[in-house]
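Engineer: Have a look at this one.
The values are calculated or read from the model by the stated rules, or taken from the named source; none is laboratory data. Everything numeric here is computed off the predicted structure, so don't read it as measured data. Every residue, glycine among them, receives a Cβ derived from its backbone with ideal geometry; neighbour counts consider all protein chains shown. Accessible surface is based on the protein model in full, side chains and every heavy atom, while ligands, DNA and RNA are left aside. Shrake-Rupley method; radii C 1.70, N 1.55, O 1.52, S 1.80 Å.
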Amino acid sequence: MRVETVEQFTKLVSEVEALDGYRRPAAFGVGLATFALTDLDRPTVLGADAAVLDTWYPAPNLDENFGTAAILSRVVGQRAGSASYRLDAAQLDEVLSAFAPFENDGKRHANLIVLKQLRDTLRRREQQLELYARGMTTLDRVLPRAVVVTFLGDLQDKPVDAHDAYLRLHLLSTRKVKPHGQNLDGLFGKLSNVVWTNVGPYAPEGFEGVRGLLKSQGVDVHVHSVDKFPRMTDYVIPTGVRVADADRVRLGAHLAEGTTVMHEGFVNFNGGTLGKSMVEGRISAGVVVDDGSDVGGGASIMGTLSGGGAVVVRIGKNSLLGANAGCGIPLGDNCTIEAGLYITAGSKVLLADKRVVKARELSGQNDLLFRRNSLTGAIEVVHKKNETVLNPELHKN
Ligand SMILES: CC(C)(COP(=O)(O)OP(=O)(O)OC[C@H]1O[C@@H](n2cnc3c(N)ncnc32)[C@H](O)[C@@H]1OP(=O)(O)O)[C@@H](O)C(=O)NCCC(=O)NCCS
């Protein structure tokens, strides 16, 4: 069907959306995926069951652009649920032809830009393959890559494959989804271990052969890491953040506007900041730090499962973890942990009225100052407003 007017586009979208069983996706994205080399003698061949090493989504969509989703669904035969499909150049052209009415309309259409750029990527790839066959270009220019479209039926469904997992990580780092805002069960198992280099991702198996081949072609190879997650900044740069050392922030980190991650800072996936923060310590997976709170140099925040329980550790607003401090309980607003003091959930804490409680009983309370008495060695809590109220819910236990 030729689409020349916005009305025709809208009609086409309505037809797709009226198809039996069609459901609008909760999220979707068009991306560029890299696959493992399966045969070093034929490195350009994309093996049918080659492992997915990464997928980059330049413009992930969440609960939006349903027209684009419908056009893409039509081309690949998607109806509902979560799934990923490879798109060849002809399919990309077919998709792009439906967007003709939006060309040069003076507006910025992020998906349209991505689709065009990725179609150009495929075209250029064809040229590179010819050059490679004649020994005139290098392996890193012709890695097995494919354009994919990924649909997530519902954010509360588990990730179904690596493309799906990557889309969820992009949704976090682009701040479309907050930490804990989607189901990441089994995400780890969907990701491959990857050798992340300055010239692309590679499978660890057989990497020395790849390194040798690249070097023989005159390519300098620097390995950044061997890990399941790449650096966030190679895929997403959120607005208004400073990241002093890109290696310290994994894709899937959620950095709010106004966040600075210094060299000692680290932010894992599905964790991060919700407002302005200075991060000079470690934010583990699943941990969130609220607006105005600082994580001091070398400080550590325990992961989502603290003390063996299912407690999500979060730091409230305007709180401070001192240098080399540690926190294993959810902290409320306006709290301070003294430099060097590690509060675990089970730590016994002396209150001002001489009662002793476990730190977990102080979870989420505001205006607390935790310090280790330098004379007695006891951990003390001082209420900054002179009264320490125990969390009644937790105190019951
Ligand atoms: C815990 C902390 C907040 C206390 O700082 P503060 O509120 O300014 O308190 P002060 O150092 O002025 O101390 C107030 C009083 O408590 C006493 N005190 C402080 N820490 C104490 C401790 N660990 N044990 C016993 N007494 C202590 C002081 O001696 C002082 O006593 P005084 O009233 O008799 O003079 C501070 O020591 C700290 O660790 N800050 C973290 C800073 C940081 O690491 N930032 C990140 C940088 S990357």
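Engineer: Rounded to the nearest 0.05, what FRET efficiency do Glu4 and Asp93 give with R0 = 22 Å and r taken as the Cβ-Cβ distance? Could you check?
Structural biologist: About 0.90, to the nearest 0.05.
Engineer: On to the next question. List the GluC sites (Glu not before Pro) in segment 3-88 that DSSP assigns to loop (not H, G, I, E or B) and whose Cβ has at most 15 other Cβ atoms within 10 Å. Which are they?
Structural biologist: Hits after loop and neighbour filter: Glu4, Glu64.
Engineer: Compare His263, His180, His224, His163 by solvent-accessible area with a 1.4 Å probe and give them largest first, with all protein chains kept in place.
Structural biologist: On the way: His263 110, His180 90, His224 65, His163 20 Å².
Ranked from most to least accessible, the order is His263, His180, His224, His163.
Engineer: Counting only C-alpha contacts under 8 Å and six or more residues apart, can you give the relative contact order of the chain as a whole percent?
Structural biologist: Relative contact order for the chain comes out at 10 percent.
Engineer: For segment 230-236, just list the computed ³J(HN,Hα) in residue order, Karplus coefficients 6.51, -1.76 and 1.60, θ = phi - 60°, integers in Hz, with x standing in for Gly and Pro.
Structural biologist: Residue by residue, segment 230-236 yields x, 5, 4, 5, 6, 10, 9 Hz.
Engineer: OK, next. Suppose each label sits 7 Å from its Cα in the direction of the beta carbon; what would the Ser216-Val76 distance come out to in nanometres?
Structural biologist: Each label point lies 7 Å from its Cα, and together they span 3.7 nm.
Engineer: How would Met136, Met302 line up by accessible area, probe 1.4 Å, largest first?
Structural biologist: Largest to smallest exposure gives the sequence Met136, Met302.
Engineer: Would you mind working out the accessible area per residue for the chain, using a 1.4 Å probe, and quoting it in Å²?
Structural biologist: For the chain, the solvent-accessible area averages 46 Å² per residue.
Engineer: To continue, here is another question. Extending each Cα 7 Å along its Cβ direction at Gln156 and Val312, get the distance between those two points in nm, one decimal.
Structural biologist: Result for the modelled spin labels: 1.4 nm.
Engineer: Ok, one more. Whose amide H sits under 5 Å from the amide H of Ser300, counting only residues 5 or more places off or on another chain, with H placed in the peptide plane?
Structural biologist: Arg282, Ala325, Gly326, Cys327
Engineer: Further question on the same structure: How far, in nm, would the chain grow between Leu46 and Ala110 when pulled straight, counting 0.36 nm per residue and subtracting the alpha carbon separation?
Structural biologist: 20.2 nm
Engineer: Determine the order of Asp333, Asp353 by accessible area, beginning with the largest, at a probe radius of 1.4 Å.
Structural biologist: So the residues, ranked largest to smallest area, are Asp353, Asp333.
Engineer: Also, I was wondering about something else. For n ≥ 4 DSSP H runs only, could you compute -39500 (n - 2.57) per run for the chain, divide by its residues and tell me the 222 nm figure to the nearest 500?
Structural biologist: On the way: 8 runs with 87 residues, N = 397.
It lands at -6500 deg cm²/dmol.
Engineer: Would you please put 289-300, 212-223, 74-85 in order of how densely packed they are, using the mean number of other Cβ atoms within 10 angstrom per residue and starting with the highest?
Structural biologist: Per-residue mean Cβ counts within 10 Å order the peptides as 289-300, 74-85, 212-223.
Engineer: Please report the accessible area of Val160 (heavy atoms, 1.4 Å probe, ligands and nucleic acids excluded) in Å², nearest 10.
Structural biologist: 70 Å²
Engineer: A follow-up question, please. For segment 155-231, compute the orientation-averaged projected area of the C-alpha convex hull (one quarter of its surface), in nm². Kindly include the intermediate steps, with their values, before the conclusion.
Structural biologist: Details: hull surface 22.8 nm².
Average of the hull's projected areas for segment 155-231 equals 5.7 nm².
Engineer: For labels at Lys354 and Leu375 in the simple 7 Å Cα→Cβ model, what's the distance in nm?
Structural biologist: Result: 1.5 nm between the two label points.
Engineer: For segment 274-357, what does the convex hull of the Cα positions come to per residue, in cubic angstrom?
Structural biologist: Dividing the Cα hull volume of segment 274-357 by its residue count gives 80 Å³.
Engineer: Which order do the peptides 238-249, 194-205 come out in when sorted by mean C-beta neighbours inside 10 angstrom, highest first?
Structural biologist: 194-205, 238-249
Engineer: Report the relative contact order of segment 26-110, percent, no decimals, based on alpha-carbon pairs under 8 angstrom and at least 6 residues apart.
Structural biologist: On the way: 66 pairs, mean separation 21.8, N = 85.
For segment 26-110, the relative contact order is 26 percent.
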